[in-house]
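One structure is given here, and the rest of the page talks about it.
Derivation of every value follows stated rules applied to the coordinates shown; laboratory data play no part. Remember, predicted model here, so these are calculated numbers, not experimental data. Cβ placement follows ideal geometry from the backbone for every residue including glycine, while neighbour counts extend to all protein chains displayed.
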Amino acid sequence: MRTVPVYEAKTRLSELLAAVEHGEQVTITRRGRAIARIVAAVDTEASAQSQRQRVAGTFARLRELRQGVSLGMDLREAIEEGRD
């Protein structure tokens, strides 16, 4: 991963974008502190898709765990009990 200060990133943006197109990641710093990272759009799209799949899997596992578990009284029973 290449690290570049802000001023250099502004003056060499085309070169940095070409490097990103070839799979490199570029971190931009200000006063020695990382403030941004340039990565290929394909990487971020794949990462987002992977995250969506993980979330969907988590929800599926939660639904499986929830099957057969009762929280006790259902809403209709609670309403009827409240009327008594």
The chain: calculated mean residue ellipticity at 222 nm from DSSP helix runs of at least 4, using -39500 (n - 2.57) | -18500 deg cm²/dmol
Using DSSP loop states and a limit of at most 15 other Cβ atoms within 10 Å to flag trypsin sites (Lys or Arg not before Pro), what is the longest stretch of the chain containing no flagged site?
-> 32-84
For the chain, radius of gyration divided by Kirkwood radius, i.e. Rg to Rh on alpha-carbons = 1.46
Calculated log₁₀ intensity ratio I(q)/I(0) where the Debye formula runs over C-alpha points of the stretch 2-41, q = 0.21, 0.29, 0.30, 0.33 Å⁻¹ = -0.55, -0.97, -1.02, -1.15
Net +/- balance of residues flanking H22 in space, Cβ distance below 13 Å, scoring K and R +1, D and E -1 = -3
